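Each reported figure results from applying straightforward, stated rules to the coordinates on display, with no laboratory input. Computed from a prediction, not measured in an experiment: that's the story for all the values here. Note that each Cβ is placed from the backbone with ideal geometry, even for glycine, and that neighbours are counted across all protein chains shown.
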Amino acid sequence: MKILLPSATSHTIPMKPRINVTDVLSVVIKNEAKGTVTTVVPTYTLSHGIMLLTFTLVGLEGETFTVKLLQATAIVYRCKLFFTAQPAQNYKITKNKYIYA
């Protein structure tokens, strides 16, 4: 799951693509609560096997989206997006305990 800020409209997320990307990509974004589907054409850069994907999406606090990144009909990547302005917490899970860093 990728965490995005609701105050931003342009987002960049890092990912490791499933296949070698050589063509134009499209991002199919589905709002899980509303059921609406949007397709956008992102920009991307590749460096050492990691893709930085930049796209435009407006989301409200607490909204979740499913994302499918496509090259033609091949699935390059899938993930979920969650919009929140709250800071992420780093923690480690040990036997029956959460240790916050």
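Using the Cβ-Cβ distance between Val24 and Ile3 with R0 set to 30 Å, the FRET efficiency works out to roughly 0.65. Residues His11, His48 in ascending order of nearby Cβ atoms (within 10 Å, fewest first): His48, His11.
Contact order for the chain, expressed relative to its length and based on alpha carbon pairs under 8 Å spaced 6+ residues apart, stands at 33 percent.
State whether the stretch 2-86 is rounded, prolate or oblate according to the following rule on the C-alpha gyration tensor (a ≥ b ≥ c being the square roots of its eigenvalues): a/c under 1.5 gives rounded; otherwise a/b larger than b/c gives prolate, and the remaining case gives oblate. Walk me through the numbers before you get to the answer.
Details: a/c = 2.13, a/b = 1.52, b/c = 1.40.
Taking the square roots of the gyration eigenvalues as a ≥ b ≥ c, the stretch 2-86 is prolate.
Listed by Cβ neighbour count within 10 Å, with the fewest neighbours leading, Phe82, Phe65 appear as Phe82, Phe65. Full extension of the chain between Ala74 and Val41 gives 10.4 nm of extra length, using 0.36 nm per residue less the Cα-Cα distance.
Projecting the Cα atoms of Pro42, Tyr77, Pro6 onto the dipole axis of the chain, where Lys and Arg carry +1 and Asp and Glu carry -1 at the beta carbon, places Tyr77 farthest toward the positive end.
Cut-off is 10 Å between beta-carbons; in what order do Lys16, Lys30 appear when sorted fewest neighbours first? Mind showing how you got there, number by number?
Working: Lys16 8, Lys30 15.
Exposure proxy ranking, most exposed first: Lys16, Lys30.
Near Phe65, within a Cβ-to-Cβ distance under 9 Å, what is the net charge of the other residues, with Lys and Arg +1 and Asp and Glu -1? All intermediate terms of the calculation are to be shown ahead of the outcome.
Numbers: positive: Lys30, Lys80; negative: Glu32, Glu63.
That works out to 0.
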